[in-house]
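Asker: The structure's right below; bear with me while I get my questions together.
FYI, it's all coordinate maths here, none of it is from the lab. Computed from a prediction, not measured in an experiment: that's the story for all the values here. Note that each Cβ is placed from the backbone with ideal geometry, even for glycine, and that neighbours are counted across all protein chains shown.
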């Protein structure tokens, strides 16, 4: 029996205690692309009712690492990343879509858009760029 990349990715996510705590789900995972989703709950909001920036940052970081791992293999870590917050995230669901911009033998440069969905409409709320490296 062959395990698909998506199944493998979901196993890895299930082993991440913090991801389980937040309720993140891996919706798509293929070579060069990963998509993580997260339902918005009251526990993820800051004092103004927006999703906390740390939650958006977590989602971008994890999606970037998944995208990089899809071309480098599963034993990878984030070397660095930068995130730009574009608008307050208000809605029911977050979606992080990460793609590989370029990769070599030991590292991949990836980009990620974080979108928030409210009443069926999705809006870009953050974008990130990161370098993912093979561990070791």
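Asker: For the chain, which semi-axes, largest first and in whole Å, follow from the square roots of 5 times the eigenvalues of its Cα gyration tensor? Intermediate results must be reported in sequence, preceding the final value.
Answerer: Details: eigenvalues 122, 52, 32 Å².
In descending order the semi-axes read 25, 16, 13 Å.
Asker: Based on the mean of other Cβ atoms within 10 Å per residue, sort peptides 88-97, 109-118 so the most packed one is first.
Answerer: 109-118, 88-97
Asker: GNM on the chain, C-alpha springs below 10 Å: top fluctuator among 78, 65, 106?
Answerer: Of 78, 65, 106, the most mobile in the Gaussian network model is 106.
Asker: Something else now. Could you work out [θ]222 nm for the chain from helices alone, using -39500 (n - 2.57) per DSSP H run of at least four and dividing by all its residues? Round to the nearest 500 deg cm²/dmol.
Answerer: Result for the chain, helices only: -8000 deg cm²/dmol.
Asker: To test your reading of the geometry: what angle, between 0 and 90 degrees and rounded to tens, separates the Cα axis of helix 5-14 from the longest principal axis of the chain?
Answerer: 60 degrees
Asker: Can you tell me, using C-alpha contacts under 8 Å and at least 6 residues apart, the relative contact order of segment 5-134 as a whole percent?
Answerer: With pairs under 8 Å counted, the relative contact order is 25 percent.
Asker: In nanometres, what is the gap between the two model label sites at residue 86 and residue 101, each 7 Å from Cα along Cα-to-Cβ?
Answerer: 1.4 nm
Asker: If each Cα of segment 71-136 is one equal point scatterer, what is log10 of I(q)/I(0) from the Debye formula at q = 0.18, 0.22 Å⁻¹?
Answerer: These q points yield log10 I(q)/I(0) values of -0.68, -0.85.
Asker: May I ask you to derive the FRET efficiency for residue 52 and residue 25 from their Cβ-Cβ distance with R0 = 22 Å, giving the value to the nearest 0.05? The partial results should precede the final answer.
Answerer: Numbers: r = 19 Å, r/R0 = 0.85.
Rounded to the nearest 0.05, the efficiency is 0.70.
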